[in-house]
Amino acid sequence: MRVAVVGAGGWGTALADLLAAKGDDVVMWAYEAAVVEQVNREHRNDLFLPDAPLHPGIRATRTLAEALDGATLVVSAAPSHVVRGVMAGAAAHLAAGALLVSASKGLEPGSLSRMTEVLAEVMPGRPVAALSGPTFAREVYERQPTAATIAAADHDTACRAQDAMSATYFRLYTSDDPVGVELAGALKNVIAIAAGILEGLGLGSNPRAALITRGLAEMTRLGVALGAKPLTFAGLAGMGDLVLTATGPLSRNRSLGVELGKGRRLEEVQKSRHTVAEGVGTAKVAVALSERTGVELPIAREVARVLFEGKPARQAIGDLMERALKREASGTAA
């Protein structure tokens, strides 16, 4: 199969390596000229996936037309805030009948759209599925056993994507709830930042367990309001990805939160990194969705205040704890 992976960050690179190892003809589009040169010359991408020799069959290019030429599978793996621009540029080069798989875990600023909604707008009428779940790029690259979810409203599209993306160590389960799968994949990054803040403050296991549990309730509440199925949030794309991202040492969002908890400012932390922590942008979108739907998202709102208003992290935790006492309910808890 001829595959285009659009986006050469750590996740896009790991997926390109997975697909090439399956025997697919893989071309990866990268924004950075240095990445293209190193992939083609040394079969490495040290900027985004260091110390990881890649399958020699992977080719890289900065030209979308070259990347998409004849591709029957197109994996969209750019950061969420640039997906619209990048994939709009790719639309003219998309082969008839090509399957789109969105692998970006984020929501678009401004429009508040999910990534498959963005793809449907810039590439209308194309079959599109969303890939999400507990998937650190490094561990997928290392062939560690991993399970994730591939979701599409159309069952046949989900099955096509499942067959195309699965490997012996990469087990995919289909879902008919792309709304829930995509919202879970994006919103858990905000909760992971909060979990990192707790760690940076020196807090322990009790507050982390409470945060993850209440974070899941918050994610579910918003998801249901937007048309998602509540059980999706109990699965791989919901609880699975939330636990991984809120506790795992490879989580960019958790590690950013750790630095915030230690008192560093967002701008200072971001200047020291070349990778994107999707939860930063998603925190703003989550607050906007909260206002649009009337769904209360106290954790996301406090994370946004720490990120963008300079609110001290310890004060944010205190304000969460001092909210009016409530009853715990299942599924869409208040």
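The values are calculated or read from the model by the stated rules, or taken from the named source; none is laboratory data. What you are looking at is a predicted structure, and each value in this text was computed from that prediction instead of being measured. Neighbour counts run over all protein chains shown; Cβ positions are idealised from the backbone, glycine included.
On the basis of being out of contact with any strand residue (DSSP E or B) (no Cβ under 9 Å at 6 or more places or on another chain), at pLDDT 95 or above and farther than 22 Å from I150 by Cα, does E296 make the cut?
yes
Considering only helices (runs of 4 or more DSSP H) fully contained in region 209-302, which possess at least 3 residues that are within 24 Å of R171 (Cα to Cα) and not assigned by TED's automatic domain parsing to the domain that holds A152?
241-247
Of the residues in region 259-274, how many are surrounded by 14 or more Cβ atoms within 10 Å (Cβ to Cβ) and more than 15 Å from I191 (Cβ to Cβ)?
The number of residues fulfilling the criteria is 6.
Of (1) in contact with a Ser or Thr (Cβ under 8 Å, 6 or more places away or on another chain); (2) at pLDDT 95 or above; (3) over 23 Å from E278 (Cα atoms), L100 satisfies all except one. Which?
(3)
Can you spot a residue in region 72-92 that is outside any strand (DSSP E or B), buried (at least 22 other Cβ atoms within 10 Å of the Cβ), modelled with pLDDT of 95 or more and more than 22 Å from the chain's Cα centre (by Cα)?
no
Note down all Cβ pairs under 7 Å where the first residue falls in region 112-135 and is of a type in the set (S, T, N, Q), the second is in a helix (DSSP H, G or I), and they're at least six residues apart or on different chains.
T116/P178; T116/E182; S132/V181; S132/E182; S132/A184; S132/G185; S132/A237; S132/D241
Can you tell me how many residues in region 118-152 are under 19 Å from the mean Cα position of the chain (by Cα), outside any loop (DSSP other than H, G, I, E, B) and not acidic (D, E)?
So the count comes out to 18.
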